[in-house]
Amino acid sequence: MAGAPAGGGGGTPGGVGADDALYVLTAVLLTPAQFPSVLGDDYPQACRALGLEPYAEGYGLVLGQDGEGARWTVAVDDVSLVAVAIAAWDCGMEYDLSPGERSVVAALPGWPLALTVAGAG
């Protein structure tokens with residue numbers, strides 16, 4: 001999970017070049033049934049907090065950093081991919097979360113949640 005590069009090239013945050021990558025630190029679901037309560041009291045409000053339309057299927061939010069250390073939240077419409085990654089990580093398994101460019105809905109600067117990040121060493 002930590003340090004696993006995701007994406008690269010045209011659809012990555014902030015115009016990150018082809019040689020740069022988003023290093024995935026964690027991910028969360030933003031669906032009608034499950035969403036971070038710090039974003040709102042209901043799913044539509046949580047979506048509005050991020051500037052997203054309330055998509056019936058929901059979103060996966062991939063939280064990471066680019067090569068310069070800038071924090072990014074990438075919203076993807078492939079909720080199943082993100083759910084599988086979260087389930088694998090919860091079981092202590094490695095999982096390379098690399099959403100395809102076509103599934104990226106938005107790349108938002110910063111993280112909408114408070115996270116504590118620690119790197120190896």
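Note down all Cβ pairs under 6 Å where the first residue falls in the stretch 68-87 and is open to solvent by 30 Å² or more (accessible area, probe 1.4 Å), the second is among the hydroxyl-bearing types (Ser, Thr, Tyr) and assigned to a helix (DSSP H, G or I), and they're at least six residues apart or on different chains.
From residues that are open to solvent by 30 Å² or more (accessible area, probe 1.4 Å), the pairs are Asp77/Ser103; Asp78/Ser103.
Which residues, taken from the stretch 25-45, are polar (S, T, N, Q) and either within 15 Å of the chain's Cα centre (by Cα) or under 19 Å from Ala87 (Cβ atoms) (or both)?
Within the stretch 25-45, Thr26, Thr31, Gln34 qualify.
Identify, by number, the condition in (1) at pLDDT 95 or above; (2) over 23 Å from Cys91 (Cα atoms) that Leu61 doesn't meet.
Condition (2) is where Leu61 drops out.
What number goes with the only condition from (1) touching a strand residue (DSSP E or B) at 6+ places or on another chain (Cβ under 7 Å); (2) open to solvent by less than 30 Å² (accessible area, probe 1.4 Å); (3) at pLDDT below 90 that Ala2 does not pass?
(2)
Which residues, taken from the stretch 67-105, are of a type in the set (Asp, Glu), within 18 Å of Pro36 (Cα to Cα) and touching a strand residue (DSSP E or B) at 6+ places or on another chain (Cβ under 9 Å)?
Those that are of a type in the set (Asp, Glu), within 18 Å of Pro36 (Cα to Cα) and touching a strand residue (DSSP E or B) at 6+ places or on another chain (Cβ under 9 Å): Asp77, Asp78.
If you scan the stretch 35-54, which residues turn out to be without any contact (Cβ under 8 Å) to a residue 24 or more places away in the chain, in a loop (DSSP other than H, G, I, E, B) and not acidic (Asp, Glu)?
Phe35, Gly40, Pro54
From Gly51, Gly64, grab the single residue that is out of contact with any His (no Cβ under 9 Å at 6 or more places or on another chain) and open to solvent by less than 20 Å² (accessible area, probe 1.4 Å).
Answer to the selection: Gly64.
The values are calculated or read from the model by the stated rules, or taken from the named source; none is laboratory data. Keep in mind the model is a prediction, meaning the values are calculated, not measured. Here the Cβ is made from the backbone with ideal geometry for all residues, glycine too, and neighbour counts use every protein chain on show. Surface areas here come from the heavy atoms of the whole protein model, side chains and all, with no ligands, DNA or RNA. Shrake-Rupley method; radii C 1.70, N 1.55, O 1.52, S 1.80 Å.
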